[in-house]
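So the structure is just underneath, and the comments pick up after that.
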Amino acid sequence: MIPSVNNNAEGSKKNGSETFSKHQYVDIHCHCLPAVDDGPATMPDALALCLALVDDEITTVIATPHQLGRFNSCNEAVQIREAVSVLNEELKSNGIPLTVMPGGDIRVDERICQLLEADKILTLADGGKYILLELPHQNFIDIEPLLIELSSLGIQTIISHPERHYILAKQPKILRKWLKHSTHLQVTTSSLLGEFGSMARETAWHFLSSGLAVLVATDSHDLNSRRPCMKTAFERISIKLSRAIARVVCIENPSRVLKGRDIIPTNNV
């Protein structure tokens, strides 16, 4: 049984003399599709996660199941589009005000450009402009040739959670080289809150404060260790950096990814 939610996306509540206005977040990296990867195992689990996304003031989420790597033989584009369509119907039937768009969390692979052209893997929101790439966790690969090839096709790369990669955390100059090729960094909300350890937390804050990272996403998988926490991350960024930066990385740039518009830097915010 899925509990009901407040369908008013623009609201406020009073707490003493302060008024807290709701935001409308777009989450560009989330594992919310049931029974496709290491996200929710069943449709009820997926609906519960989606309800938590709504409670976190997220109105649109890009479903990014793992593609390639250990999921090489499954989760092709046509399957993900169908799973997104089914989930959207279930959300509508259960009165959960969330829109899900198709995408993928794609493990780095030398075949990526060919697989994109063959419609085997997905760009974010199926829009053709942004691709979310996941690096191997244990090894370092210099992906500059791939970034150059993707850029030549008019595709901009978003690297997911680089703060959790030991080599990149210790040698951010590598990232500065990659960023020259229409590449952007996305840090994870739970990294900012320390849930992936001190190295990931410190590196995520360094990437944000230095302007290297321009996107924040939940990378949610479930309601236990990987639940949505966008609101908390937004407030923490507002306090530690500025509310203007929080708005750009948590609201403006994710919305631009969804709409296929150019991402804006935070250096001049």
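Coordinate-derived values only; no laboratory data. These figures come from a predicted structure and were not determined experimentally. Don't worry about glycine lacking a Cβ; one is built from the backbone with ideal geometry, like all the others, and counts go over all protein chains shown.
Given labels modelled 7 Å from the Cα in the Cβ direction, how far is it in nm from residue 55 to residue 180?
Placing both labels 7 Å along Cα→Cβ, they lie 4.7 nm apart.
Could you work out how much longer the chain between residue 209 and residue 74 gets when fully extended? Use 0.36 nm per residue separation minus the Cα distance between them, nm to one decimal.
Working: separation 135, 0.36 × 135 = 48.60 nm, distance 3.78 nm.
Separation in residues times 0.36 nm, less the Cα-Cα distance, equals 44.8 nm.
Between residue 24 and residue 89, what length in nm is gained on full extension when 0.36 nm per residue of separation is reduced by their alpha carbon distance?
21.3 nm
As an exercise, use a Förster radius of 22 Å and the Cβ-Cβ distance of residue 35 and residue 111 to find the FRET efficiency, rounded to the nearest 0.05. Please report the intermediate quantities before stating the final value.
Working: r = 26 Å, r/R0 = 1.16.
Step by step, r from the Cβ atoms, then E = 0.30.
Between 32, 62, 151, whose Cα lies farthest towards the positive end of the dipole of the chain when Lys and Arg beta carbons carry +1 and Asp and Glu beta carbons carry -1, centred on the Cα centre?
Selected residue: 151.
Could you calculate the contour length gain from residue 225 to residue 153, that is, 0.36 nm times the residue separation minus the distance between their Cα atoms, to one decimal place in nm? Walk me through the numbers on the way to the answer.
Values: separation 72, 0.36 × 72 = 25.92 nm, distance 3.72 nm.
Answer, rounded to one decimal: 22.2 nm.
Let me check I've understood the local charge: for residue 100, count other residues with C-beta under 13 angstrom from its C-beta, Lys and Arg +1, Asp and Glu -1. What total comes out? List each step's numbers first, then the result.
On the way: positive: 81, 92; negative: 27, 82, 89, 90, 126.
Every neighbour counted, the sum reads -3.
Where in the chain is the longest stretch that carries no trypsin sites (Lys or Arg not before Pro) classed as loop by DSSP and with at most 16 other Cβ atoms within 10 Å? Write down the numbers at each step before the final one.
On the way: sites that count: 22, 70, 111, 180, 261.
That would be 181-260.
Report, in listed order, any pair from 177/231; 173/240; 173/231; 180/259 with a Cα-Cα distance greater than 28 Å.
Violating the 28 Å limit, Cα to Cα: 177/231; 173/231.
Mind listing which GluC sites (Glu not before Pro) in the range 74-155 are in a DSSP loop and have 12 or fewer other Cβ atoms within 10 Å? Kindly include the intermediate steps, with their values, before the conclusion.
On the way: sites: 76, 82, 89, 90, 110, 117, 134, 149; in loops: 76, 110.
Listed in order of number, the matching sites are 110.
Amide H of residue 105: which non-local residues (sequence gap of 5 or more, or other chain) have their own amide H closer than 5 Å, using H built in the peptide plane?
Residues meeting the amide H criterion: 66, 67.
Taking the Cβ of residue 148 as the center, what net charge do the other residues with Cβ under 14 Å away carry, scoring Lys and Arg +1 and Asp and Glu -1? Before the final figure, lay out the partial values.
Numbers: positive: 177, 180; negative: 110, 142, 144, 149.
It works out to a net charge of -2.
If you build a Gaussian network model of the chain, linking Cα atoms that sit under 10 Å apart, which residue out of 242, 93, 191 swings the most?
Between 242, 93, 191, it is 93 that shows the largest mean-square fluctuation.
Using the Karplus curve 6.51 cos²θ - 1.76 cosθ + 1.60 with θ = phi - 60°, what ³J(HN,Hα) values do you get for each residue of the range 129-145, in whole Hz, with x for Gly and Pro?
Along the range 129-145, the couplings run 9, 10, 10, 9, 10, 10, 7, x, 6, 9, 10, 9, 10, 7, 8, 3, x Hz.
Provide the FRET efficiency to the nearest 0.05 for the residue 202-residue 259 pair, computing r from the beta carbons and using R0 = 30 Å. Can you show the working numbers first?
On the way: r = 32 Å, r/R0 = 1.08.
In this case the efficiency is close to 0.40.
What percent do you get for the relative contact order of the chain when only Cα pairs under 8 Å and 6+ apart count? Walk me through the numbers before you get to the answer.
Values: 510 pairs, mean separation 48.1, N = 269.
Here the relative contact order equals 18 percent.
Can you work out D for the range 23-259 in µm² s⁻¹ from Stokes-Einstein, where Rh is the Kirkwood radius over C-alpha pairs, the temperature is 10 °C and the viscosity is 1.306 mPa s? Intermediate results must be reported in sequence, preceding the final value.
Values: Rh = 17.6 Å.
Rounded, D is 90 µm²/s.
How would you classify the range 122-167 from its alpha-carbon gyration tensor, with a ≥ b ≥ c the square roots of the eigenvalues: rounded for a/c under 1.5, else prolate if a/b is greater than b/c, otherwise oblate?
Numbers: a/c = 3.13, a/b = 1.59, b/c = 1.96.
Cα axes put the range 122-167 in the oblate bin.
Tell me the mean residue ellipticity at 222 nm calculated for the chain from its helices only (DSSP H runs of n ≥ 4, each -39500 (n - 2.57), averaged over every residue, nearest 500). Please report the intermediate quantities before stating the final value.
On the way: 11 runs with 95 residues, N = 269.
Helices in the chain give a 222 nm mean residue ellipticity of -10000 deg cm²/dmol.
Calculated FRET efficiency, residue 240 and residue 141, Cβ-Cβ r, R0 45 Å, to nearest 0.05? Display every interim value, and only then the final one.
Working: r = 32 Å, r/R0 = 0.70.
Efficiency computed from Cβ-Cβ geometry: 0.90.
Please figure out what share of the DSSP beta bridges in the chain is antiparallel and state it in percent, rounded to the nearest 5.
Working: 5 of 31 bridges.
Around 15 percent of the beta bridges assigned by DSSP in the chain are antiparallel ones.
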